[in-house]
There are 2 protein chains.
Amino acid sequence: MYAIKVDKVYVIKGYLYRGIILMDSLRSFQMLSLFFLVFTFSASVSAFNMPRLGTQRRTTQHEPQTKSSTSNLEDLKTYYYTQTLDHFNYRPDSYTTFKQRYVINSKYWGGANASAPIFAYLGAEESLDDDLPIIGFLSDNAPRFKALQVYIEHRYYGKSVPFGSMKAAMKNESTRGYFNSVQAIADYAAVLLHVKKKLSAENSPVIVIGGSYGGMLASWFRLKYPHIALGAVASSAPILYFDTIAPQAGYYSVVTKDFKETSESCYETIRKSWAEIDRVASNPHGLEALSKRFNTCNRLNRSFDLKDYLDSIYSDAAQYNHPPTYPLSVLCSAIDGASVGTDTLGRIYAGVVAYMGNHTCYDMNEFNRPTKTLDGWSWQTCSEMVMPIGHGSKDSMFPPAPFNLNKFINECKSLYGVMPQPHWVTTYYGGQDLKLTLHRFGSNIIFSNGLRDPYSSGGVLENISESILAVTTVNGSHCLDILVAKPSDPQWLVMQRKTEVKIIEKWIANYHNDLLEFK
Amino acid sequence: MYAIKVDKVYVIKGYLYRGIILMDSLRSFQMLSLFFLVFTFSASVSAFNMPRLGTQRRTTQHEPQTKSSTSNLEDLKTYYYTQTLDHFNYRPDSYTTFKQRYVINSKYWGGANASAPIFAYLGAEESLDDDLPIIGFLSDNAPRFKALQVYIEHRYYGKSVPFGSMKAAMKNESTRGYFNSVQAIADYAAVLLHVKKKLSAENSPVIVIGGSYGGMLASWFRLKYPHIALGAVASSAPILYFDTIAPQAGYYSVVTKDFKETSESCYETIRKSWAEIDRVASNPHGLEALSKRFNTCNRLNRSFDLKDYLDSIYSDAAQYNHPPTYPLSVLCSAIDGASVGTDTLGRIYAGVVAYMGNHTCYDMNEFNRPTKTLDGWSWQTCSEMVMPIGHGSKDSMFPPAPFNLNKFINECKSLYGVMPQPHWVTTYYGGQDLKLTLHRFGSNIIFSNGLRDPYSSGGVLENISESILAVTTVNGSHCLDILVAKPSDPQWLVMQRKTEVKIIEKWIANYHNDLLEFK
C-alpha cells in the first residue's frame, strides 16, 4: 500500500473501495516509479473525498447475510466467450481476443419457442463472484417471467481480463487503453447475440439490469443497442454526474441532508468536528493525541488521514443506509447518545465504533485498501469516467473542497500517462437536456433511485416519457431494488420492486404483441 | 493501373468508381508486392460485379450541369477541426489528431437566439469538393428553414486524411485500422458539438443529411447520437444490405426489373448477350473479334472484361436513371432501335455508344480507374462495410454469380492483412427485425428511396413508426431527392422533396415546443 500525498486538498485516491494513494510532493517521483514498477495502479484522483460506486458496501457490520437464489451453484453454469479486444478499429492489435466470463441460470426459462425473456445482468467494476451472491433482481423475478438469467462480467475485472493477467493488462498505456465502457457495452452486445444464437432465442426479449456504474451501462446499452436489449433497469445510475450537468456538490449535499434529517444534533456535531480535529492536530503532540482518541492502528502522520476516514464513513453510511439496520441511524444514535459531557471528538469516536464495530484499533486505510476492483476503477475514472464530485461550500457539513478539473487531469496524466477525456461521456452517451433529447426518442428504461443515496444527485429523478421512467423512493439508498429481496424489507422497497416488475411486464407484453404483428 | 485476376468468377475490384484490380493467379504474388509497394490500394473484393455506392454517377454523358446555391463560393467558409484519431481507446496512439475539414454556409441562418436549425451534411466516401456542387437539399431548403448549412468531410477522404497524406494513411494495417464508420460518426458528433458551442447554438436542432453510404451514416447517427441530431434524412441508404437481412440477389433483381419494365426486348437482348459473348470469345481469334466489335481501346485478354464493363453500364444506368434524360431509356432505345437485322452484339454495342457517348474507342476499365475514393471505399468494404451483393440465378438478366463470403474474406485478408467483420454492422447498428426493434424506439428518420434504384433492395421501404418514415418514389433512382433541385424535375420528385420538408418541419416544430416545455 502506497501513501502518496499530492497536497493538502487533493489526493490521488482509490475509488470503489477508497484505496488511497496520497502523493507526497517530496517523494512523489520516487513513489511514482515504484508505483509503475509494481503495477498496482491502485489510484484514482479526486477532490478531498471522492465517493465510491458499487452495489455493495465495503463495511459489512450492518449488513445481514442473505443468500440469493442465484447462489444455488448447481443452477449456475459458467461459460467463456472469445471476445474481441477492440471493437472499433481494424488494426492488427484490435483482433486480439480474451476470454470473457458469463454465467447462466436457465432453471426458470420458458424457452426459445415461447420467446421467453432473457434477464441480463451487466457486470460493473467488480468480479462476477462478488455480484452473484447479492444481486437478486434476476433470480427473484425469473420464476414470474420464466426468464433466462445471464450474468456477464465486465472486461478487465474478475476472470475476464485480457493479456493473461491483470498485471499484464494494466502494464502500460497500450494494454490499459482498451479498458473503457464503450468497449465494455460492445462486449455485452457480442455476448448477448452469441447467447441468443446458441439458444436459438432470437425472438426472446432481453432486459438488461445493472446497478451504480453497471446501471449506467444498462441505460446506455438500451440507448445504443436497442436491437439487442428491449429494456433496461438502471438502478442508482448517476448518468448525469458528468461534465457540467449535475452540480458538483450534489453528492455531499445529499450526504449532509441525510444526516440533518436523521438528527440535527448529529449533523451539528460532525459539522463542528473538522475544525476541532484541526485545532487538536495543531497542538504539540496533537497528532499523537488524535491517534489515541481515535484508537488508530498506526500513529497519524497528518490530520487529513483521520478526516478522510471519517468522510468515508459518513458517505458510506449515507450511500448504503440499507434496511433493516439503517447504519446512518446507528451512527447518529451513537454520536447523539454519548454520555452527557462527552466532547465533540468523543462523540465522533463513538460514532466510529458504532458504525465500524468494536475493533482493537481502527485502520485509517480501511476504505483505501488496494484491490483489483480499485485498480480497475481508478483507471476508468482517470480516463473516461470523469465524475466531477467536489465538496461545496454551502449545504454541507464538510469543509469546502471543490473539484478541480485541471488538477485532476494533470494528476491522471502523470499517473497513467494519458489525458482524461472529461467530455467524452456526454459526447458519446449524451446527458445534457435529457428530457428534451429523449422525450420523443427511445423507450423502456427504468431509472431507479433512492433519494437518500448521495449518487441520486446525478440520477434521473423524473419521468422522461411514457416508457423512460423514474422510480424513486424517499427513503431508499444505493442500488437497493436490485439486491436480494429479504423478508425484512420495508413496504416501500417491496412496492418499488413491484412497480418495476409491472413496468417490465408491460414492455414484454407490448413486445410479444409486436412480435405477432411485425414478424 | 493494375489488372490482377483472381479467377473467372471472383474479381478483386474497385467499388465506387469500379476500379478493378483483377488478380491473375499466375502473377498475383508479384502484383501484390507491387501493390503494397506503391500503396495504391485501389481494390475491393466482390462477386462478379459489385455495384458502387455514391450520390453521383461516374458517367456524366446524360447529366445536365446544374449549380447548387452552395457553390456560391463566397457564402462558404472552410474550417478544420482538430479531430481525435481513435475515439474508443486510451492507447497513446488513440490521441493522435488530424485536421478534419468542414464547410459552413451561414447566409440564411436564423441564429442561435432563435434556435434556428442546423442542417448537417454527413460526408461519405468522397471529397467534400465532389459533394458541394451537387448536393442541394441543404442549400435549397436553408432559406425556408433559416438553417445553417454545415458540410463535414468523412475521415480518410478529401482533405480530412490522418497521418499527413492518403499514402501514409493507407500505408499499413495500423494506419488504416482507424478508417471505419463508427469512428466517422463519432467524428461528426465531435464536430457538431464543436460548431454548436462555437456559435452558442446549443439549442439549435441539428438535422443530419446523407446519401447512399452517407445516408446510412445519417440514419445511424440519429440512432446513436440522438442528443446531437434531432432527425436524419437518409437518402438511398441500403442499411439492410448487410449480413443476411436483404436478399443477396436484390440489387441485380432490381436492375433486371428496371430493364424489363423499360423494354422487354432490351431486357431479352441483354439476357441473351452473355452467352453470345462467350460463344464468340471461344472461337479462334474470338477475343480479337470482340475487341473489334466493341471498339475497345485495348485488345481484350478475356471476355470477362467486356462482360464486366457491360455489367457496370447496366448497373450504372439503373442506379442513376435520373431525369430528365433517363439514361436507362436512352440505352434501351439504342439497343431496341438498331436497324433491323442487327445481331445481338451489334445491339449491345449500339447501347454502349448511346450510353457512354461517341468515343474513338471504349476503355473497358472506364469504371475501374483507381481514385482516392476507390482506395478508401475498397478498404471500407473489406473491413467493416461488407455488403453481400451477388447475382442470383433467377429474376436476373445476368449470369448467376452468387456472393461467396469465405472467398471474400480470404481475398480481403490477403489484400489488407486483416479479417473483414461481416457481422459487425448488424451488431453495432442493428438492422435485423427493424420494425420490431424501432417501432417503439427512436424517432425522426426519413428513409427515402427511389424504387428503381437497385440499392432500394437494401433500403427501408415501409414506415417503421409515426416518425421513422419511408418516403419512396416509384420512378426514382439513387439519391435524387438530395441533389440540387432543377426546373426540369418531374412532379413526383418535387412532391417527394415537399413531403420530406413537411416531415422535417414537424420535427422542428415539436422540438421548439419541447424546448419551451422542458428547458
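No value in this document is a laboratory result; all are computed from the given coordinates. All values reported here derive from a predicted model rather than from experimental measurement. Every residue, glycine as well, gets a Cβ built from its backbone with ideal geometry; the counts of neighbours run over all protein chains shown.
Report the label-to-label distance for B:GLU276 and A:MET495 in nanometres (one decimal), using points 7 Å from each Cα along the Cα→Cβ vector.
Output for this residue pair reads 8.3 nm.
Which is the longest stretch in chain B that no exposed loop site breaks, taking sites as GluC sites (Glu not before Pro) with a DSSP loop state and at most 12 other Cβ atoms within 10 Å?
That gives B:1-461 as the longest site-free run.
Estimate the FRET efficiency between B:LYS107 and A:HIS423 by the formula 1/(1 + (r/R0)^6), using the beta-carbon distance for r and 25 Å for R0, to the nearest 0.05.
The calculated FRET efficiency here is 0.25.
Whole angstrom only: what separates the Cα centroid of segment B:84-132 from the Cα centroid of segment A:381-442?
25 Å
7 Å along Cα→Cβ for the label point: how many nanometres lie between B:LYS394 and each equivalent label in the other copies, listed shortest first?
7.8
So what is the calculated 222 nm ellipticity per residue for the protein assembly as shown, using -39500 (n - 2.57) for each DSSP H run with n of 4 or more, over all residues, to the nearest 500 deg cm²/dmol?
About -12000 deg cm²/dmol.
What is the local net charge at A:GLY337, summed over the other residues whose Cβ is closer than 15 Å to its Cβ (Lys, Arg +1; Asp, Glu -1)?
With Lys, Arg at +1 and Asp, Glu at -1, the neighbours total -3.
Considering only DSSP beta bridges whose two residues both sit in the protein assembly as shown, what percent are antiparallel, to the nearest 5?
Expressed as a percentage, antiparallel bridges in the protein assembly as shown total about 45.
Considering the rotation that carries chain B onto chain A, locate the chain B residue whose Cβ comes closest to its axis and report the distance in whole Å.
Rotation axis B onto A, closest Cβ, rounded to whole Å: B:PHE88, 2.
Could you give the size of the charge dipole of segment B:249-356 about its Cα centre, using +1 on the Cβ of each K and R and -1 on the Cβ of each D and E, expressed in debye and rounded to the nearest 20?
Dipole of segment B:249-356, to the nearest 20 debye: 240 debye.
Measure off 7 Å from each Cα along the Cα-to-Cβ vector at A:GLU268 and A:LYS486, then give the distance between these two points in nanometres to one decimal.
3.3 nm
With unit charges on the beta carbon (Lys/Arg positive, Asp/Glu negative), name the residue among B:SER303, B:TYR349, B:PRO490 whose Cα is farthest towards the positive pole of the charge dipole of chain B.
The one lying farthest along the dipole's positive direction is B:SER303.
May I ask which residue of B:GLY392, B:CYS361, B:SER253 lies farthest towards the positive end of the charge dipole of chain B, with charges of +1 (Lys, Arg) and -1 (Asp, Glu) on Cβ and the Cα centre as origin?
Working it through, the farthest residue towards the positive pole turns out to be B:CYS361.
Would you work out the charge dipole size for chain B about its Cα centre, treating the Cβ of every Lys and Arg as +1 and the Cβ of every Asp and Glu as -1, and quote it to the nearest 20 debye?
660 debye
7 Å along Cα→Cβ for the label point: how many nanometres lie between B:ARG302 and each equivalent label in the other copies, listed shortest first?
In nanometres, ordered from closest: 7.6.
Would you mind computing, in nm to one decimal, how far apart the modelled labels at A:THR82 and B:LYS506 are, each placed 7 Å from Cα along Cα→Cβ?
4.9 nm
Hey, got a sec? Which trypsin sites (Lys or Arg not before Pro) in segment B:213-320 land in a DSSP loop and have at most 16 other Cβ atoms within 10 Å?
Filter output for segment B:213-320: B:ARG299, B:ARG302.
Go through B:SER329, B:TYR314, B:SER282 and say which Cα lies farthest out towards the positive end of the charge dipole of segment B:249-356; charges sit on Cβ, +1 for Lys and Arg, -1 for Asp and Glu.
Farthest along the dipole direction, towards plus: B:SER282.
Treating only the Cβ atoms of Lys and Arg (+1) and Asp and Glu (-1) as charged, compute the dipole magnitude of segment B:465-504 about its Cα centre; round to the nearest 20 debye.
In debye, rounded to 20, segment B:465-504 gives about 120.
Of all beta bridges DSSP finds with both residues in segment A:102-246, what is the antiparallel percent, to the nearest 5?
Antiparallel bridges make up about 20 percent of those DSSP assigns within segment A:102-246.
Could you tally the net charge around B:CYS266, taking each other residue with its Cβ under 14 Å from the Cβ of B:CYS266, Lys/Arg +1 and Asp/Glu -1?
Charge balance near B:CYS266 sits at 0.
Among the trypsin sites (Lys or Arg not before Pro) within segment A:76-183, which fall in a DSSP loop and have no more than 14 other Cβ atoms within 10 Å of their own Cβ?
Those that pass, being in a loop and sparsely packed, are A:LYS146, A:LYS159.
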